[in-house]
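Below is one structure; the comments refer to it alone.
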């Protein structure tokens, strides 16, 4: 079940951000960012609940607590991204900053908190991530 839920999170990660970009492009971000995100996260919560009901498993309190904390952090980040776009910051700045922040926080947490070593494959992944961010920021 865990792997299936992680794959669902992976697949649905991009469309929410893409929707924020569409709202900004249409000039609707100022009015609709909050309601868009409320319905997006509500739909995700309902979908997750349906997965648990379907599996017959009962979520543990720790699952709910960790999932809720992750959801609040994610919603906060998406709200900040949407508000930055709504206030007129160009996507060529907002998206690279958002992506770079996530990349560097994950790498720093892995190295500093979990004492992970970065092998050649990890270095290549970080390099490709930085390269993709640079390419996205070009106009």
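Total residues in segment 1-33 satisfying the condition of being touching a residue at least 40 places away in the same chain (Cβ under 8 Å), part of a helix (DSSP H, G or I) and farther than 15 Å from residue 74 by Cβ: the figure is 6.
Quick one: which of 37, 48 is under 23 Å from residue 22 (Cα atoms), out of contact with any strand residue (DSSP E or B) (no Cβ under 6 Å at 6 or more places or on another chain) and in contact (Cβ under 8 Å) with a residue 12 or more places away in the chain?
It is 37.
With respect to (1) in contact (Cβ under 8 Å) with a residue 40 or more places away in the chain; (2) under 21 Å from the mean Cα position of the chain (by Cα); (3) more than 25 Å from residue 8 (Cβ to Cβ), the lone exception for residue 130 is condition (1).
In the set 101, 110, 119, which member is without any contact (Cβ under 8 Å) to a residue 24 or more places away in the chain, outside the structural domain of residue 12 (by TED's automatic domain parsing) and within 13 Å of the chain's Cα centre (by Cα)?
Working: 110 fails: within 13 Å of the chain's Cα centre (by Cα); 119 fails: within 13 Å of the chain's Cα centre (by Cα).
Selected residue: 101, the only one of 101, 110, 119 that is without any contact (Cβ under 8 Å) to a residue 24 or more places away in the chain, outside the structural domain of residue 12 (by TED's automatic domain parsing) and within 13 Å of the chain's Cα centre (by Cα).
Inspect segment 43-56 for any residue being surrounded by 11 or more Cβ atoms within 10 Å (Cβ to Cβ), within 23 Å of residue 91 (Cα to Cα) and in contact with a helix residue (DSSP H, G or I) (Cβ under 7 Å, 6 or more places away or on another chain) and give the result as yes or no. No, the conditions are met nowhere in segment 43-56. For residue 90, state whether it is under 18 Å from the mean Cα position of the chain (by Cα) and at pLDDT below 90. No, not satisfied. Please verify whether segment 113-122 includes one or more residues that are surrounded by 14 or more Cβ atoms within 10 Å (Cβ to Cβ) and at pLDDT below 90. For segment 113-122, residues surrounded by 14 or more Cβ atoms within 10 Å (Cβ to Cβ) and at pLDDT below 90: absent. Look at residue 85 and say whether it is in the same structural domain as residue 19 (by TED's automatic domain parsing) and part of a helix (DSSP H, G or I). Considered against the rule, which asks whether it is in the same structural domain as residue 19 (by TED's automatic domain parsing) and part of a helix (DSSP H, G or I), residue 85 comes out as yes.
Does segment 124-139 contain at least one residue that is under 25 Å from residue 45 (Cα atoms), assigned to a helix (DSSP H, G or I) and modelled with pLDDT under 90?
Scanning segment 124-139 turns up no residue that is under 25 Å from residue 45 (Cα atoms), assigned to a helix (DSSP H, G or I) and modelled with pLDDT under 90.
The values are calculated or read from the model by the stated rules, or taken from the named source; none is laboratory data. The structure displayed is predicted, hence computed values, not measured ones. Using ideal geometry, Cβ is built from the backbone for each residue, glycine included, and neighbour counts are taken over all protein chains shown.
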